[in-house]
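The values are calculated or read from the model by the stated rules, or taken from the named source; none is laboratory data. Being a predicted model, the structure only gives us computed values, none of them experimental. So basically every Cβ, Gly included, is an ideal-geometry build from the backbone, and we count neighbours across all protein chains shown. We work out accessible area using only protein heavy atoms, side chains counted, and drop any ligands, DNA or RNA first. Shrake-Rupley method; radii C 1.70, N 1.55, O 1.52, S 1.80 Å.
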Amino acid sequence: MPIEIHIDGEPCAAEADELLASVLLRQPVPIFRKHPVDGSPRAAFCMMGVCFECLVEIDGVPNQQACVVKVRDGMQINRGLS
Ligand code: FES
């Protein structure tokens, strides 16, 4: 069932119960966050909750693992890229 989430304030179509990391990897710029020390782009790597490369802010809560979270209608994602 199609749903809508928002990524950095922009609407994005997704399927109910798919993993958030899958949605983010489909984006034109598949970057999940910037490294806090050197600002290098980071993205999901292990896709099983081990590497912590997929951290994003979800509904105002920082440092959530996108690879273990299923999308919900209206979910707000902030990648902090700007
Ligand atoms: S991709 Fe490795 S913890 Fe999410």
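Identify all residues within the range 11-45 that are within 20 Å of ASN63 (Cα to Cα), open to solvent by 80 Å² or more (accessible area, probe 1.4 Å) and in a strand (DSSP E or B); write none if there are none. Within the range 11-45, LYS34, PRO41 meet the criteria.
Checked against the criterion of being modelled with pLDDT under 95, away from the ligand (no atom under 16 Å from the Cβ) and not aliphatic (A, V, I, L, M), the range 3-26 contains one or more residues that satisfy it. The C-beta contact set for the range 66-82 (first residue open to solvent by 80 Å² or more (accessible area, probe 1.4 Å), second residue among the charged types (D, E, K, R), distance under 6 angstrom, 6+ apart or interchain) comprises LYS70/ASP17; GLN76/ASP59.
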